[in-house]
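A.B. asks: Sharing a structure with you now.
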Amino acid sequence: MMILIKEDETEIRKELRKLEIEISFHRDPDFLFSSAISYLDLAELYLLTNPMDSNMKLYHSLFLQDSREKSEELEQQYIQNYIDNKKIHGQMISAFYQEINEQLINFYKSVEYNKAVLSQKETNLKQQEDFKLLISFFQEEDPSLKEQFLDMIKQNRFYVIKEETCLGATTYNSIENTCNIFLQKESPTIDSLATIVHEMGHVIDFLDIGKHFEILDRSLYSRKSIYCEVLSILYEQKFLNFLIQNNIRKEQASLCLICSYIDNFIHFPNLIAASKLSSLEIKSLCKGLMSNQELQKIFGSAIFYNPYLFDLRDSLAYSYGLLLANHLMEDKKKEKIFMELRNDFFDPNQLEKLDITVENSGLKLIKRLERTMNNMINK
Ligand SMILES: [Zn+2]
């Protein structure tokens, strides 16, 4: 692999120290909040590999409490924005839920799926093949993306992640407008390349936000705006489609694509269930004040539901990520409109500008999913 995944985290420590200084000396609340968010984001990943680092006292210290008031105020705005729009979220997500769910369940049980899983496990990519595939995808998609990717490599911004359940993560420093990508250290597969492209989607998204947004809005956006998984899922799925269309590792790419649909789709039933709650119930759900029994009553029927995993931000970001990515795919004009209207908070007019309605929100998603499944069956 020509991407050097670094195990030496000296640069990360330097970045953390710099942010600590910002947090200690700045008194502007927006700046303080943004430094704290950037710091926590990076510290969380750093501590996975270095849990005993005694310099990380700040992570648990009182310093960060200065930004707590701001954080709570913004959290309330976020929840209020959800409450104001929960009806439209519920409709958008539930319109195509049954149909997609049936498709996926049938496929999940199929022989093709099980055969493909087995073959996927055995196949690693050849040396250099991984790098070539990434470069040719970025080049075809947009030469400026290739430059951005090469820039991340040149700046050595790839690190090892020591969290088994997470394949990749991107941290964003809104003060300096820079990103780091954390990845599992493993021999390259189509799956791990798709993760790199997904994370590069975040990098492209955040760095562009950094150019156009004020500091507070950068942090709010990166801290899970409803739109912050759109570009990452869009590029990940575009990459897999690129492989399928060019007949490169077609079987594995198709399987990865279906898994990408499933991974994001599992958030749909949570949102549908949440959209039926009262404002008061939503507030207590978001504060973690609901008992297991209450949670069971609300989410019990959601097939993939795990009460410990419910997170309103995640559910919104991944559900809309999947919906919008499939709406924008193969439509560069709409992608441009999306780039201009993405924002910290949701407003139904934004969807109107993208011609997304309750009636058509999932149409393209269903068609593509069907096509991918057929691709695997008639390979
Ligand atoms: Zn992501």
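The values are calculated or read from the model by the stated rules, or taken from the named source; none is laboratory data. Bear in mind the structure is a predicted one, so any value in this text is a computation, not a measurement. Note: ideal-geometry Cβ built from the backbone for every residue, glycine included; neighbour counts use all protein chains shown.
Residues checked against (1) assigned to a helix (DSSP H, G or I); (2) under 18 Å from Leu220 (Cβ atoms):
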| position | (1), (2) |
| --- | --- |
| Ile3 | no, no |
| Arg17 | yes, no |
| Leu32 | yes, yes |
| Asn55 | yes, no |
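A.B. asks: In the range 339-379, which residues are within 20 Å of Phe242 (Cβ to Cβ) and of a type in the set (D, E, K, R)? Reasoning before the result, please.
C.D. replies: Applying the first criterion (within 20 Å of Phe242 (Cβ to Cβ)) to the range 339-379 yields 364-365, 367-376, 378-379.
Lys364, Lys367, Arg368, Glu370, Arg371, Lys379, listed by residue number.
A.B. asks: Let me ask something else about it. Can you find, within the range 161-170, the residue that is nearest to Ile196 (Cα to Cα) among those that are away from the ligand (no atom under 12 Å from the Cβ) and buried (at least 16 other Cβ atoms within 10 Å of the Cβ)? Spell out the reasoning first.
C.D. replies: Taking the range 161-170 as the starting set, the residues that turn out to be away from the ligand (no atom under 12 Å from the Cβ) are 161-165.
If we keep only those that are buried (at least 16 other Cβ atoms within 10 Å of the Cβ) as well, we get 161-162.
On the way: Ile161: 13, Lys162: 16 Å.
Looking at the filtered set, the residue picked out is Ile161.
A.B. asks: Moving on. I'm told Tyr159 meets every condition in (1) in a helix (DSSP H, G or I); (2) among the hydroxyl-bearing types (Ser, Thr, Tyr); (3) in contact with a Phe, Trp or Tyr (Cβ under 9 Å, 6 or more places away or on another chain) except one. Can you identify the failing condition by its number?
C.D. replies: Condition not satisfied by Tyr159: (1).
A.B. asks: Oh, and also: Determine which member of the set Ile248, Ile244, Ile266, Ile233 is closer than 19 Å to Ile100 by Cα and at pLDDT 90 or above.
C.D. replies: Working: Ile248 fails: closer than 19 Å to Ile100 by Cα; Ile244 fails: closer than 19 Å to Ile100 by Cα; Ile266 fails: at pLDDT 90 or above.
Answer to the selection: Ile233.
A.B. asks: Quick check, is Tyr227 assigned to a helix (DSSP H, G or I), modelled with pLDDT of 95 or more and either of a type in the set (Ser, Thr, Tyr) or more than 15 Å from the ligand (Cβ to nearest atom) (or both)? Write out each step before concluding.
C.D. replies: Details: assigned to a helix (DSSP H, G or I): no; modelled with pLDDT of 95 or more: yes; either of a type in the set (Ser, Thr, Tyr) or more than 15 Å from the ligand (Cβ to nearest atom) (or both): yes.
Taking the combined requirement at face value, the residue does not satisfy it.
A.B. asks: Say whether the condition of being farther than 28 Å from Asp84 by Cβ and either touching a Phe, Trp or Tyr at 6+ places or on another chain (Cβ under 6 Å) or β-branched (Val, Ile, Thr) (or both) is met by at least one residue in the range 256-271.
C.D. replies: Yes, the range 256-271 has at least one match.
A.B. asks: Scan the range 186-220 for residues that are more than 13 Å from the ligand (Cβ to nearest atom) and touching a Cys at 6+ places or on another chain (Cβ under 8 Å) and jot them down. Write out each step before concluding.
C.D. replies: If we filter the range 186-220 for residues that are more than 13 Å from the ligand (Cβ to nearest atom), which is where we start, we get 186-193, 207-220.
Listed by number, the residues that qualify are Ile190, Asp191, Leu207.
A.B. asks: Need the failing condition index for Ser222 against (1) buried (at least 24 other Cβ atoms within 10 Å of the Cβ); (2) within 27 Å of Ser71 (Cβ to Cβ); (3) modelled with pLDDT of 95 or more, just the number.
C.D. replies: (3)
A.B. asks: Additional query: Within 15 Å of the ligand (Cβ to nearest atom) and closer than 30 Å to Gln76 by Cα: is that true of Tyr261 in this structure?
C.D. replies: On the way: within 15 Å of the ligand (Cβ to nearest atom): yes; closer than 30 Å to Gln76 by Cα: no.
Judged against the criteria, Tyr261 is not a match.
A.B. asks: Given the criterion in contact with a Ser or Thr (Cβ under 7 Å, 6 or more places away or on another chain), within 16 Å of Ile248 (Cα to Cα) and not β-branched (Val, Ile, Thr), identify the matching residue among Leu193, Leu125. Steps first, please.
C.D. replies: Values: Leu193 fails: in contact with a Ser or Thr (Cβ under 7 Å, 6 or more places away or on another chain).
Every option except Leu125 fails the conditions.
A.B. asks: Another question, if that's okay. Exactly one of these conditions fails for Leu289: (1) part of a helix (DSSP H, G or I); (2) more than 16 Å from the ligand (Cβ to nearest atom). Give me its number.
C.D. replies: (1)
A.B. asks: So in the range 350-370, with the set limited to residues that are among the charged types (D, E, K, R) and not in a helix (DSSP H, G or I), which one is nearest to Glu335 (Cα to Cα)? Give the steps one after another, and end with the answer.
C.D. replies: We begin by selecting, within the range 350-370, every residue among the charged types (D, E, K, R); these are 352-353, 355, 359, 364, 367-368, 370.
Now narrow it down to the ones that are not in a helix (DSSP H, G or I): 355, 359.
Values: Asp355: 12, Glu359: 20 Å.
That would be Asp355.
A.B. asks: Being more than 25 Å from Cys259 (Cβ to Cβ) and over 21 Å from the mean Cα position of the chain (by Cα) is true for just one of Asn173, Asn177, Asn156, Asn124. Which residue is that? Talk me through it step by step, then tell me what you get.
C.D. replies: Working: Asn173 fails: over 21 Å from the mean Cα position of the chain (by Cα); Asn177 fails: over 21 Å from the mean Cα position of the chain (by Cα); Asn124 fails: more than 25 Å from Cys259 (Cβ to Cβ).
Within the list Asn173, Asn177, Asn156, Asn124, the selection yields Asn156.
A.B. asks: Are any residues in the range 312-331 within 13 Å of the ligand (Cβ to nearest atom) and either among the aromatic types (Phe, Trp, Tyr) or not in a helix (DSSP H, G or I) (or both), and if so, which ones?
C.D. replies: Within the range 312-331, Tyr318, Tyr320 qualify.
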